[in-house]
Every structure is written in structure tokens, then in C-alpha cells.
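Peer 1: The following block contains the structure, expressed as C-alpha cells.
Rule-based calculations on the coordinates, nothing more; no lab input. Remember, predicted model here, so these are calculated numbers, not experimental data. FYI the Cβ positions are ideal-geometry reconstructions off the backbone, even for glycines, and counts take in every protein chain you see.
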Amino acid sequence: MRAEGLSQDRNVVVTGAGSGIGRAAAVLFASRGDSLSCWDIREEHAQRTVDVIRAAGGEAEPIACDVSWEDDVRSAFRQVDANWGGADVLFVNAAIEGPLKPVSRGVQPGRQRESGRRLPAVETRHFVATSAGGIVALAKSLAVDHRNEGIRSNCVAPAV
């Protein structure tokens, strides 16, 4: 499954991995040699994505997780920690509305990995009412702030 010359060998969590952009992102990460933890509110949808990744020779696990529930997020991260030794990349794709920030709480900004690297988390749902220019500026700012830590930041704005 590995795309030529693009090996990453990271542990990647993708929320909303059961379909659409989340599935496409998970398959792309896997094609680059990353191991995937595919989270979706419906485990059977996450399993379908995992089946695609495994059929192409990649490593992936499905996790049922409703990212609007902090307990689900904490439980999912415990599984990732136990099965993969933690996450190197968090692709927050699942969209929810409301004041809770369970994915951020589960990650806890600056959460340390065994490797010593931090895992920052920014949820796309926080930017629903934000202009596309603001999202791009935020992604660039995060990239600059974390460049010395080997952390990159990108954004996807399919409606723009």
C-alpha cells in the first residue's frame, strides 16, 4: 500500500473516518506508510475504512467514538495508547456543534508522547463561523509556532 518515496511511519488518528473526507484522509495517510486509528460514531463505518486500508496492505484499527462525548474520546485515546503507543497525528474531521470540546480535552494540548513530542489538537468545528482566510492564517500560525518541534499544520476547506 505504501506510496513510493512518501514513507511516514506515524500513528495517525482520524475522526469521522467512516466516510467522505475522513475516509479519504485515512486511506491517504495509510498509503504513506502510517498506521491508522479510524474513529467513527458508527464502528461499522470505521470498519469499512479499515477494510480498505488492510486490503491494500496497510495497518489500521476501527474505534467506535462519539467525539461529542468526552468519555468516548478518553476511552478511544486509551485504546490508541495501548495498541499503538500513542498518536503522532490527530486529523479531527468529525463535525459536532455545541460548547463541549471533548477531543481537545482528551488530547490536552501539549500532551507528551513517549518520544517527547507534543500532540497539538485543533478541532475544525471551532471554525464553522470563521472565514476561510482566518482558518488559513491560523494553520500558517500553528505551522510557524511548532516548526522547531517537527509539527506541521494544514487545513482543508472543501466548501471554499
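Peer 1: Taking neighbour counts of Cβ atoms within 10 Å as a proxy for exposure, in what order, fewest first, do Leu28, Leu90 appear? Don't skip to the end; give the middle numbers.
Peer 2: Values: Leu28 15, Leu90 25.
Neighbour counts put them in this order, fewest first: Leu28, Leu90.
Peer 1: Please arrange Asp40, Asp71, Asp34 by counting, for each residue, the other beta carbons lying within 10 Å of its beta carbon, fewest first.
Peer 2: Numbers: Asp40 29, Asp71 11, Asp34 24.
By the 10 Å Cβ count, ascending, the order reads Asp71, Asp34, Asp40.
Peer 1: Note down the nm distance, to one decimal, between modelled labels 7 Å out along Cα→Cβ at Ala56 and at Ala24.
Peer 2: Taking the two extended label points, one gets 1.3 nm.
Peer 1: If amide hydrogens are placed 1.01 Å from N in the peptide plane, which non-local residues have theirs closer than 5 Å to the one on Ile63?
Peer 2: Result for Ile63 returns Cys38, Trp39, Asp40.
Peer 1: Here's another thing I want to ask about it. How high is the FRET efficiency between Ser153 and Glu44 when r is their beta carbon distance and R₀ equals 30 Å, given to the nearest 0.05? Intermediate results must be reported in sequence, preceding the final value.
Peer 2: Working: r = 32 Å, r/R0 = 1.05.
Plugging the Cβ-Cβ distance into 1/(1 + (r/R0)^6) gives 0.40.
Peer 1: Return the sequence-ordered ³J(HN,Hα) values of the stretch 34-50 in whole Hz as given by the Karplus equation 6.51 cos²θ - 1.76 cosθ + 1.60 applied to θ = phi - 60°, using x for Gly and Pro.
Peer 2: Taking θ as phi minus 60°, the curve returns 7, 8, 10, 10, 9, 9, 7, 4, 10, 4, 5, 6, 4, 4, 4, 5, 4 Hz for the stretch 34-50.
Peer 1: A further question follows. Arrange Cys65, Cys155 by Cβ neighbour counts within 10 Å, fewest through most, would you? Numbers along the way, then the final one.
Peer 2: Details: Cys65 30, Cys155 17.
Placing the least packed residue first, the sequence is Cys155, Cys65.
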